[in-house]
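Notes for the one structure printed next.
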Amino acid sequence: MGSRNHTSVSDFLLLGFSEHPEQQPLLFGLFLGMYLVTVLGNLLIILAIGSDQHLHTPMYFFLANLSFVDTCFSCTIVPNLLVNIHTKHHTISHTGCLMQMYFFMALTILDDFLLAVMAYDRYVAICLPLHYTMIMCPQRCWLLVAVPWLCSHLLAFSLTLLMSQFSFCASHSIPHFFCDIPPLLKLACSDTRIFQVTMLTEAVPSGMIPLTCVVVSYAHIIHTILRVPSAGGKHKVFSTCGSHLSVVTLFYGTLFLVYFQPSSSYSADTGMVVSVIYTMVTPMLNPFIYSLRNRDMKGALWRLFGWGKYSTQ
């Protein structure tokens, strides 16, 4: 480490997919289409929930927050990537890189918390239905959203502050399409042990606790469902929870592949492919998963566009 050149960084070079210039037009069209579907789909969910009194319930309140976070999440990464591909100008300032990393971490952690809150909401609705109104009162719903917003930004700020103190080696080329933590750690000439210990420490409240909450909530839900005598009742509950479980599995699965491995074994190519899934694919699929399998959401969308009455019977 001592023999490597240290330098203050003014700009980074996001290599991204630049090694395949013949694929740039295809990638630009693909990512632009995914971005537009993500933003429009999530905004439609927010508008539908806000405009329909039938959807002013805790479950849809949390879903609207998740859609807003997914929209912000996509806007943090994809526009800069599209500009880089279109202009073939791949530089990003040191400050811009840190800001992108900060918002990426904050919104990722917030997604973790919101998925856990939504799992808890389903647990109360299915396992404790008689107490649902009392437990999920408006004040508690606001608290269950406000605390994750605060915690996610505090956790992201602490890591960004540590990263801002690093000096970087002669090469400022990041083999990624955004300023992610693993490739930045690869470039750092400073001692990164404090950062890595802090990141692992923060992984407990920001990752393991929400994931445990999801697993425990759905374990209770499945146990309760299996005791339902009616096959139709089981199907309805499984249909409601299945969409949430599919989102949770895809989101956590890809995050574990990238962040829960030693930095020495990090692969740039694998990291980029997996990152496309949780930065673009998951936010794009959420509107379809939560709306196409939900009659209330489909009815609200029909009424939003004034396409006549939609029967929920």
- Ratio of the stretch 46-175's C-alpha Rg to 2.2 N^0.38 Å, to two decimals? 1.36
- Highest average packing first - 282-289, 23-30, 211-218, Cβ atoms within 10 Å: 282-289, 211-218, 23-30
- Relative contact order of the chain, defined on C-alpha pairs under 8 angstrom at six or more residues apart (%): 29
- Message: Can you give me the angle between helix 193-203 and the longest principal axis of the chain, using Cα atoms only, in degrees from 0 to 90, rounded to the nearest 10?
- Response: 10
- Carbon and sulfur together cover what percent of the accessible area of the chain at a 1.4 Å probe radius? 70
- Message: If each residue of separation counts as 0.36 nm, what is the full-extension length gain between His131 and Ala146 once their alpha-carbon separation is subtracted?
- Response: 3.2 nm
- Message: Give me the one-decimal Kirkwood hydrodynamic radius in Å for the chain, with the sum taken over alpha-carbon pairs.
- Response: 21.1
- For the stretch 10-55 and the stretch 133-153, write down the distance between their C-alpha centroids in whole Å. 28
- Query: What Rg and what Dmax come out for the stretch 1-96 when only alpha-carbon atoms are used, in angstroms?
  - Reply: 19.1, 65
- Query: Residues of the stretch 1-142: accessible area per residue at 1.4 Å, in Å²?
  - Reply: 48
- Message: Rounding to the nearest 10 and keeping the result within 0 to 90°, find how far the Cα-based axis of helix 295-304 lies from the longest principal axis of the chain.
- Response: 80
- Nearest 10 degrees, 0 to 90: helix 209-226 Cα axis against the chain principal axis: 30
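The values are calculated or read from the model by the stated rules, or taken from the named source; none is laboratory data. Values in this document were obtained by computation on a predicted structure and should not be read as measured data. Note that we place each Cβ from the backbone using ideal geometry, even for glycine, and neighbour counts take in every protein chain shown. Each accessible area value is taken on the protein alone, full model and side chains, heavy atoms only, with ligands, DNA and RNA left out. Shrake-Rupley method; radii C 1.70, N 1.55, O 1.52, S 1.80 Å.
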